[in-house]
1. Subtract the Cα-Cα distance of Thr161 and Asp104 from 0.36 nm times their separation in residues, and report this length gain in nm to one decimal.
2. So how much slack lies between Ala49 and Leu146, counting 0.36 nm per residue of separation and subtracting their Cα-Cα distance, in nm?
3. Could you compute the net charge surrounding Thr165? Neighbours are other residues with a C-beta less than 13 Å from the C-beta of Thr165; K and R count +1, D and E count -1.
4. Ignoring ligands, DNA and RNA, how do Arg37, Arg53 rank by accessible area with a 1.4 Å probe, largest first?
5. May I ask you to evaluate 6.51 cos²θ - 1.76 cosθ + 1.60, the Karplus curve with θ = phi - 60°, for each residue of the range 168-177 and list the ³J(HN,Hα) values in order in whole Hz, giving x for glycine and proline?
6. Kindly write out, for the range 121-136 in residue order, the coupling ³J(HN,Hα) from the Karplus curve 6.51 cos²θ - 1.76 cosθ + 1.60 (θ = phi - 60°), rounded to whole Hz, with x marking Gly and Pro.
7. For a quick check: with amide H placed at 1.01 Å from N, whose amide H comes under 5 Å from Ala41's, ignoring anything fewer than 5 positions away on the same chain?
8. Mind listing the phi-derived Karplus ³J(HN,Hα) values for the range 80-85, rounded to whole Hz, using 6.51, -1.76 and 1.60 with θ = phi - 60°, and x for any glycine or proline?
Amino acid sequence: MDRRDFLKKGIAVVVVGGTAGGGITRLLSGTNATVVRPPGAGEENDFLAKCIRCAKCVQACPYDSIKTAGLGDGASMGTPFLELREIPCYMCEDLPCVGVCPTDALDPTLTDAAKMLLGTAVIVDREACLSLNGIRCEICYRVCPLIDKAIVIEKHAHQITGRHTVFEPVVQKEVCTGCGICENACPLDDTAIAVVPTQRGDKAAHYDYLRKQERVEL
Ligand code: SF4
Ligand code: SF4
Ligand code: SF4
């Protein structure tokens, strides 16, 4: 039983009835979100122009987080990308993936993993999120390597009962690196938290992009 199965089973007892009847609202459906690129990758076209598909970053990653795109992966063939739900980026201190890139497609000036920007985590399914249903989950909060910085818990009264306290995970966009450890750990079959990939080189442009996506509030 892997960690997610374990968490799922462990939490199943309290889930019963908790999210029943909640329709799935995929906040990000219909956006232009593409694949997540390795740390240090900039704007997509710039990245594609520089990346020579050598797979050195793929080989350098100790967690096998980086894959090489093949047919049907939604990315240019041979380019490196991450599927965070499957294997997130563990934010290695020495960023070995960046260090081996021979063409600077992964920015060599990125030396602090806390400053990388693979994307930004967003609660994509508020109806399904256990914490937002009044169930003490908060797994995404607890696993975050930047706990209490990139994601915090805000407490407020449950909208329906008015009696329970809801412990809502709230991503702090200025700090979140998009590592996807939260996305990987969410115990639901379809994660309620997911990383929106970086689309535009720098953070400010990335947030502008995100704000333009309907219903994504950042
Ligand atoms: S920082 Fe580490 S875990 Fe993340 S992609 Fe690079 S090598 Fe892999
Ligand atoms: S997003 Fe997932 S891990 Fe986070 S509180 Fe909601 S159900 Fe739990
Ligand atoms: S992606 Fe999730 S786990 Fe990673 S820094 Fe952001 S909130 Fe934390």
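The values are calculated or read from the model by the stated rules, or taken from the named source; none is laboratory data. Note that the structure is a prediction, hence the values are computed from the model and not measured. Please note: Cβ atoms are built from the backbone with ideal geometry, for glycine as well, and neighbour counts cover all protein chains shown. Accessible surface is based on the protein model in full, side chains and every heavy atom, while ligands, DNA and RNA are left aside. Shrake-Rupley method; radii C 1.70, N 1.55, O 1.52, S 1.80 Å.
1. Numbers: separation 57, 0.36 × 57 = 20.52 nm, distance 5.40 nm.
15.1 nm is the gain from fully extending Thr161 to Asp104.
2. Numbers: separation 97, 0.36 × 97 = 34.92 nm, distance 3.20 nm.
Result: 31.7 nm gained on full extension.
3. Numbers: positive: Arg136, Lys155, Arg163; negative: Glu138, Glu154, Glu168.
Within the 13 Å Cβ shell, the charges total 0.
4. On the way: Arg37 15, Arg53 90 Å².
So the residues, ranked largest to smallest area, are Arg53, Arg37.
5. Listing the rounded values in order: 8, x, 10, 7, 9, 4, 6, 10, 3, 9 Hz.
6. 6, 9, 6, 8, 9, 5, 6, 8, 3, 4, 4, 6, 8, x, 9, 6
7. Here the answer is Asp107, since their amide H atoms fall under 5 Å of that of Ala41.
8. Computed from phi, the couplings for the range 80-85 are x, 8, 10, 10, 5, 5 Hz.
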